[in-house]
Structure formats: C-alpha cells, structure tokens
Amino acid sequence: MMRPMKLAGSELMFGEGCLEYIKSVSCKKAFIVIGGKSMERSGILAKVEEYFHEIGAQTTVFKGVEPDPCFSTVKKGADKMKEFQPDMIVALGGGSAMDAAKTMWVYYEHPELTTLEEVLTAKPFPKLHEKARFMCIPSTSGTASEVSRSVVISDDATGMKHGLGNMEMMPDIAICDPEVTATMPPHITAETGMDALTHAIEALASNRANYLSDILARAAAIDIVNTLPKAYENGKDIAAREIMLNASMTAGLSFTNVSLGIVHSMAHTLGGFFHVSHGLGDAIILPYIIDFNSGNPQAKAVYDRLAADLGGTNLTEIVRILNKKIGIPSCVKEAIKDEAAYASKIEEMAASAKADGCTKTNPIIPTIPQFVELFKKVYQG
C-alpha cells in the first residue's frame with residue numbers, strides 16, 4: 001500500500017510579486033534566518049523585514065549560516081530563538097539556510113533536546129508548529145526545502161552529513177517569488193538547477209513512485225531541461241527564473257513524498273568527505289546512475305519515456321549535453337584533484353552511501369562493492 005501524500009504546508013504561493021504575501025500573514029515576532037550576504041546586498045532582506053513591520057511584527061535576523069550547516073550553528077540559532085520567542089520562523093535563502101532554520105525550529109520547540117543524536121533517533125518525532133509557524137522563502141531554484149520534510153545537517157565532530165526527514169518539518173508557508181532568485185550567479189544557477197533535475201528524475205524512478213508523484217516529477221524535469229540553460233545564460237530573464245523556481249518546487253512536492261535514490265546518497269557522501277557542493281555532486285553523478293539503474297527494466301522504461309518526452313532517445317546523453325551547456329564537469333576528478341586522498345576514502349564512502357536514507361528507494365540497491373565501483377567510475381569518467 002502506498003504512503004499518504006502531503007503536498008506542501010497550508011499556504012503555497014508562487015509567481016512574480018508573491019513576496020508581498022507576507023503582509024497577509026498574522027504574527028507578532030518573526031525570526032529570520034539567512035546564509036551569506038546576497039539577501040542583504042539585493043535588498044530582499046530589507047523588503048522582507050519591511051513587510052513584517054507593516055503588519056506590526058517585530059523582526060530579528062540570524063546571519064551567517066554556512067554551506068552544509070553544522071550542528072553548532074543550529075544550536076546557536078535555537079538559543080537565539082529561545083531568547084526572542086518568535087511565533088514565526090522565516091528561512092530566507094538557499095538550502096543551507098532553510099535546512100538550518102528547520103532544525104533550529106525543532107530545538108526551539110523542544111528545549112529538552114540538546115544533541116543532534118537525540119533528534120536523529122527520536123521516535124516518535126517531536127511535534128512542531130506549536131510555538132511557531134514556519135515560512136520558507138527560497139533564493140535558489142534547487143533544494144525545494146520550502147515544500148519538503150527533509151534537512152541535511154553536518155556533525156561538527158566528524159564532518160559527516162546526516163539526513164533527517166519527517167512531515168512535522170514541512171513548512172507552513174512557502175513563498176516562491178522569482179525576484180528573490182534573480183541575483184544567483186551562473187554557477188549557483190547551474191548547480192541548484194541540476195539538484196532540482198536530480199530530484200525530479202530520482203522521484204520518477206523511486207521504488208515508491210506513484211501516479212501523482214510521476215505527474216509532478218515529469219512536468220518538473222521537462223521544464224528544467226528546457227529552461228535551465230536560459231536562466232544560466234541570463235540571470236535577469238525573470239520568466240526563466242520563474243519557470244525554474246516553480247519546477248524546483250514541483251519536483252520537491254514529488255520527492256518529499258516518494259524519496260530519492262543513490263545520486264543523492266553519493267552526493268551526500270562526497271559533500272561530507274570532500275566538501276563538494278551538493279548540486280555539483282548531483283550533476284556530475286546523475287548520468288552515471290541513470291546508466292547503472294537502467295539495469296532495472298522498470299527504471300529503464302521510466303528513463304526512456306522521459307527521454308522521448310524531451311525529444312530524444314537516451315536520457316544519459318540528454319543530461320550530459322545539458323551539463324556541458326552549463327559548465328558542469330564530466331567527472332568527479334575535475335572537482336577533487338587529489339586522487340590519492342579520494343582513493344583512500346572509497347571504502348568508507350561506499351559504506352556511508354549504502355547507509356544513506358536515499359539508497360533504500362533506488363530502483364537497484366547496490367552492495368558496498370558495487371558502490372566502490374560506482375565511486376571509481378564517477379571519479380575517472
């Protein structure tokens with residue numbers, strides 16, 4: 001029997017100008033979490049605060065969430081939340097800001113929790129949405145954290161990434177305004193866009209895929225392949241930005257219900273061991289795993305149908321051509337130059353990828369020796 005579907009939180013806004021929806025919400029105190037300085041430089045942060053002030057809400061900003069956010073950052077943010085006592089938490093930024101803010105929310109709502117392990121192993125998962133509602137405003141078109149139940153947080157002690165997913169972490173409000181994404185530089189546009197495409201393709205091939213998830217993922221994949229080069233070449237093309245943001249969100253609605261596959265298992269691992277950015281890891285690995293998964297007849301049929309929808313016959317080649325257009329390397333060796341260091345970690349990486357939560361929904365569940373070979377393959381090309 002299929003699992004019940006949940007399609008985003010209670011309020012989902014998308015389209016140019018929808019940032020103003022903030023003026024329609026009800027809250028007294030908004031705690032805003034951002035990553036780097038792009039939201040300040042672009043004026044988006046000031047606009048968000050202004051909209052909250054117009055409805056009489058106080059605001060405070062937690063700045064400096066790093067890429068691949070660490071648990072120590074989460075704890076600092078949660079401590080600040082406890083001081084401010086917000087009734088609205090706002091994640092403004094890319095996947096790192098959204099993942100960190102979601103995890104801060106858990107510790108804010110449950111101050112009795114103090115360690116990462118307590119949340120990773122919590123059964124049942126702690127109830128949220130009681131002290132505060134959660135709003136996501138994405139600045140990239142890739143992670144879909146604004147409509148997903150998932151986060152990835154790094155352990156400071158080991159550097160390893162830990163995935164966590166529960167429907168309690170689904171944001172209440174998602175505001176997807178393409179204006180917020182317009183300042184993304186080309187390489188971030190490329191990498192986050194390929195993350196979104198990977199979400200769509202892995203959701204289509206997931207062993208939990210269903211009728212509705214397929215409709216969402218297929219539409220997203222087609223839009224991304226056709227639009228990503230335009231957004232990459234001209235960041236000011238607001239129509240392309242809007243299609244990309246909507247497609248990323250739609251892919252997120254699909255994968256958060258049916259999960260992903262080993263492209264993500266391996267990309268999480270590369271990020272944890274060698275700090276390869278997540279979207280870049282996905283982009284490089286994706287064509288290799290399409291080939292590997294094609295050993296499953298059902299997955300091959302899924303890939304062939306999508307290729308036909310895109311006007312081709314071979315999905316691997318379609319992805320490789322897209323990667324070349326947007327400056328993505330063809331193999332991991334171009335991103336990790338130290339071959340000896342990489343080789344020394346392959347066995348550990350294989351075990352880590354095998355244990356990743358995304359592996360269990362891949363069409364083929366690799367053995368650890370198969371993961372070893374896959375890590376060698378994606379490195380050398």
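One residue stands out among those in the stretch 9-52 that are at pLDDT below 95 and under 17 Å from ALA132 (Cα atoms): the one that is surrounded by the most Cβ atoms within 10 Å (Cβ to Cβ), which is GLY9.
Is it true that some residue in the stretch 240-258 is surrounded by 24 or more Cβ atoms within 10 Å (Cβ to Cβ) and farther than 30 Å from GLY17 by Cβ? Among the residues of the stretch 240-258, at least one is surrounded by 24 or more Cβ atoms within 10 Å (Cβ to Cβ) and farther than 30 Å from GLY17 by Cβ, which makes the answer yes.
When ALA78 is tested against (1) within 28 Å of GLY272 (Cα to Cα); (2) among the hydrophobic types (A, V, I, L, M, F, W, C); (3) in contact (Cβ under 8 Å) with a residue 60 or more places away in the chain, exactly one condition is not met: (3). Those strands (runs of 3 or more DSSP E) of the stretch 1-118 in which at least 2 residues are under 27 Å from PHE255 (Cα atoms), considering only elements entirely within it, cover 11-14, 29-33, 88-93.
Going through (1) buried (at least 20 other Cβ atoms within 10 Å of the Cβ); (2) touching a strand residue (DSSP E or B) at 6+ places or on another chain (Cβ under 6 Å) one by one, GLY357 falls short only on (1). The condition (being in contact (Cβ under 8 Å) with a residue 40 or more places away in the chain, assigned by TED's automatic domain parsing to the domain that holds ARG218, among the polar types (S, T, N, Q) and assigned to a loop (DSSP other than H, G, I, E, B)) is satisfied by just one residue among SER330, SER265: SER330. Does ASP79 qualify as being of a type in the set (Asp, Glu) and either in contact with a Ser or Thr (Cβ under 9 Å, 6 or more places away or on another chain) or at positive phi (or both)? In short, no.
Pairs meeting the criteria (first residue in the stretch 48-67 and in the same structural domain as ASP87 (by TED's automatic domain parsing), second residue hydrophobic (A, V, I, L, M, F, W, C) and assigned to a helix (DSSP H, G or I), beta carbons under 6 Å, at least 6 apart or on different chains) are TYR51/ILE22; THR59/PHE52; THR60/PHE84; VAL65/ALA97; VAL65/ALA100.
Quick grid of which residues meet (1) more than 15 Å from MET266 (Cβ to Cβ); (2) of a type in the set (A, V, I, L, M):
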| site | (1), (2) |
| --- | --- |
| PRO297 | yes, no |
| ASP304 | yes, no |
| ASP309 | yes, no |
| ILE328 | yes, yes |
| GLY357 | no, no |
| LEU374 | no, yes |
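Filtering the stretch 268-303 to residues that are in a helix (DSSP H, G or I) and out of contact with any helix residue (DSSP H, G or I) (no Cβ under 9 Å at 6 or more places or on another chain) leaves PRO297, ALA301.
The values are calculated or read from the model by the stated rules, or taken from the named source; none is laboratory data. The structure displayed is predicted, hence computed values, not measured ones. Glycine also receives a Cβ, built like all others from the backbone with ideal geometry; neighbour counts cover every protein chain displayed.
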